[in-house]
Amino acid sequence: MKVRGLYESEMELISKLLYIFYAEGFGEAVRPTIIEDDNPISAKHQEIIKSGLFDVDKLLGEYLPEQQTIKLYTECIKNISEVLSVNIKDLQDVVLLHEFGHWITHKLPYGEQKEWENYCGNKTNNDVHEGWAQLIAWRVVKDIPILKEVFCKLNERQSAPYKVWKQFENSSIITLLLLRENDCSIATVGHWHLFDDEIKLNQNSSYEEMKEKLRGATLGGELGIF
Ligand SMILES: [Zn+2]
């Protein structure tokens, strides 16, 4: 187990990722700590590997929101890279981007919103959490052929929540924000679609105007959100 910083090539990837958000008006936050867990593959992880389903957070890495830490399971990454016939470092980069995706949705401030306060609660559906992390990672890997290939190969072997991102491939990053502000009830992919449709219909509206419209549309409505 060792704590480490970002390697130079990773720094470049994470900078690319963060730039997407800074360009949309997000602020900066203290970066997460990165821990490499290089212990032999646990019995639990061996079971998961046997199942053939390679969901990132159960096997390859993890974002621990209370500690704001990203953990990488390096022995599992090595094993799965062999199973998928991909380079270890490329797979690790994909895992790192996914976990940074979780951290971004949790910690990156926007305007008055310092962070997503209910990140750790049960108020958001797993589809949304994994959908976001994957979509955010995709925004970077899609322009880097080798990482795109690794991302897609891994994605073929993942469960449904890890594939939700495909429905929002062409959506605005701002869509993410609107869902993040839903602190009153469970946020689902259905809400995400609703916001996304509204945004596409109102492309010239500012974020604040959009928020007001959505508040009006949903207040007291059947969705009961905001
Ligand atoms: Zn995840």
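The values are calculated or read from the model by the stated rules, or taken from the named source; none is laboratory data. Given the structure is predicted, the values throughout are model-derived calculations rather than measurements. Positions of Cβ are backbone-derived with ideal geometry, glycine not excepted, and every protein chain shown enters the neighbour counts.
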Fill in the blank from the handout: Counting only residues that are assigned to a helix (DSSP H, G or I) and under 18 Å from ASP90 (Cα atoms), region 157-167 contains a total of 0
Exercise for the section: Just give me the residues in region 114-132 being modelled with pLDDT of 80 or more and not in a loop (DSSP other than H, G, I, E, B), in sequence order. Expected result: ASN126, ASP127, VAL128, HIS129, GLU130, GLY131, TRP132
Practice task
Could you list all residues from region 55-74 that are away from the ligand (no atom under 14 Å from the Cβ) and under 18 Å from VAL150 (Cβ atoms)?
Solution key: THR74
Exercise for the section: Looking at (1) touching a Phe, Trp or Tyr at 6+ places or on another chain (Cβ under 8 Å); (2) within 26 Å of TYR22 (Cα to Cα), find the lone condition where ASP37 falls short. Expected result: (2)
Completion exercise
Of the listed residues (ILE104, ILE88), the one being at negative phi and away from the ligand (no atom under 15 Å from the Cβ) is ILE88
Exercise for the section: Look at LEU154 and say whether it is within 15 Å of the ligand (Cβ to nearest atom) and part of a helix (DSSP H, G or I). Expected result: yes
Practice task
Name the single residue, out of those in region 108-124 being surrounded by fewer than 19 Cβ atoms within 10 Å (Cβ to Cβ) and within 15 Å of the ligand (Cβ to nearest atom), that is nearest to PHE26 (Cα to Cα).
Solution key: TYR119
Handout entry: helices (runs of 4 or more DSSP H) within region 1-113 that include 3 or more residues touching a helix residue (DSSP H, G or I) at 6+ places or on another chain (Cβ under 7 Å), small (Gly, Ala, Ser) and without any contact (Cβ under 8 Å) to a residue 40 or more places away in the chain
Key = none
